[in-house]
Amino acid sequence: MAAEVYLFGQILGTHSFLLKDGFLQPDEYSEIKEQYFLPGGETGTAATVLDSLGVSVRMAGTGIGTEVAPMLKGFYASKNVDLSLLNFTDDDKGVMDYVVIAGLVRSPMGRFQTLFSSGKRWWGIPKEEDLAGCKAAGIDPFFGAESLKAAELCQSRGIPYVTIDTRHDSILHHNAAVNVVSKECTSTQYADMAPEEIMQLMMKETDGLTIMTQGGKDMLYGRKGGEIHRMKPFDVEVRSTLGAGDTFKAGCIYGVLNNLTDDELVKFASACSAVAISRFPLPLYPPALEEVQRLISLKN
């Protein structure tokens, strides 16, 4: 059976450390309460969440090295996530990151600046046959020409795609069904602009839906020629924010796949993210469809 969703982007092995008593302090001891080595990255996390929502996935992107491969294959063995497009290599241990977490605060560490400046392509090249049978897609913007290639293939096949943190002047934004722009992105790319100004700039450059997330503040969303809408995030007790944005993206992909209205899509994605941040670690306890629907029903 063909996968419903094609994902292209970052697939990592994430080492996560949940601290017992507050975040790291200089020259002070910190007790590790829980630690895990599980799939991560924007695409890896989205695949895990979509599978939990009952959606079949085919993912591609980051090359998978010797240390990441056994964990990744073992984790997805019982899930409806197709790994056949991934390049499993013996050249290195694989791309990993390390995340220290304490409640609302987290600090990711890795070697991505070194990787991206190496001049080497450590990710795959999308092909038309990769998307066969898929009805929706998610594309991370980090892989340059290959990310654009994935978007072009989606457009040529009439497959709507969701992307994240993509500038208003990018083809990736222009042709996206949904672009989710985080506070981290706007603070670096549009530092001198008010949120409403950024939204207006982005909305006029696409026929798709632009969503701006702002942490605990209201989400903004809208389309070309329309007004800017606002929605308050769900109020939940936060255990860890790791994967919150990636889960929101997965919720948007689910919404596109199921033809939800803009209001329904934003509410569904927000509920997915809310469920995700209420537990740790996310890959072992991803939001189930029933949990998301229950949370939405409480807000209605």
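No value in this document is a laboratory result; all are computed from the given coordinates. This is a predicted model, so every value here is computed, not measured. FYI the Cβ positions are ideal-geometry reconstructions off the backbone, even for glycines, and counts take in every protein chain you see.
General observations
- Scanning segment 206-252 for residues that are part of a loop (DSSP other than H, G, I, E, B) and small (Gly, Ala, Ser), we see that the one that is nearest to ILE139 (Cα to Cα) is GLY208.
- Residues of segment 87-99 include none that is more than 23 Å from HIS15 (Cα to Cα), assigned to a strand (DSSP E or B) and touching a Gly at 6+ places or on another chain (Cβ under 8 Å).
- Failed item, numbered, when ARG121 is tested on (1) within 18 Å of the chain's Cα centre (by Cα); (2) in contact (Cβ under 8 Å) with a residue 24 or more places away in the chain; (3) over 30 Å from SER30 (Cβ atoms): (1)
- Those residues of segment 180-195 which are of a type in the set (Val, Ile, Thr), without any contact (Cβ under 8 Å) to a residue 40 or more places away in the chain and not in a helix (DSSP H, G or I), in sequence order: VAL181
- Segment 1-54, residues that are closer than 25 Å to ALA136 by Cβ, of a type in the set (Asp, Glu) and surrounded by fewer than 24 Cβ atoms within 10 Å (Cβ to Cβ): GLU4, ASP51
- Comparison of MET71, MET59 shows that the only residue that is touching a strand residue (DSSP E or B) at 6+ places or on another chain (Cβ under 9 Å), assigned to a helix (DSSP H, G or I) and aliphatic (A, V, I, L, M) is MET71.
- Scope segment 197-229; condition farther than 20 Å from LYS249 by Cβ and loosely packed, with under 13 Cβ neighbours inside 10 Å; matching residues: GLU197, LYS204, GLY225, GLY226, GLU227
- Test: ALA145 is under 26 Å from ARG58 (Cα atoms), surrounded by fewer than 12 Cβ atoms within 10 Å (Cβ to Cβ) and of a type in the set (Gly, Ala, Ser): yes
- Any hit, segment 167-181, residues being farther than 19 Å from MET59 by Cβ and over 20 Å from the mean Cα position of the chain (by Cα): yes
- Verdict on GLY251 being under 18 Å from the mean Cα position of the chain (by Cα) and either surrounded by fewer than 20 Cβ atoms within 10 Å (Cβ to Cβ) or of a type in the set (Gly, Ala, Ser) (or both): yes
- Condition check for LEU260: out of contact with any Asp or Glu (no Cβ under 9 Å at 6 or more places or on another chain), crowded, with 16+ Cβ neighbours inside 10 Å and free of Cβ contacts under 8 Å to residues at least 12 places away in the same chain: yes
- Residue-level check: of (1) surrounded by 14 or more Cβ atoms within 10 Å (Cβ to Cβ); (2) without any contact (Cβ under 8 Å) to a residue 40 or more places away in the chain; (3) under 26 Å from ALA288 (Cβ atoms), ASN87 misses just (3).
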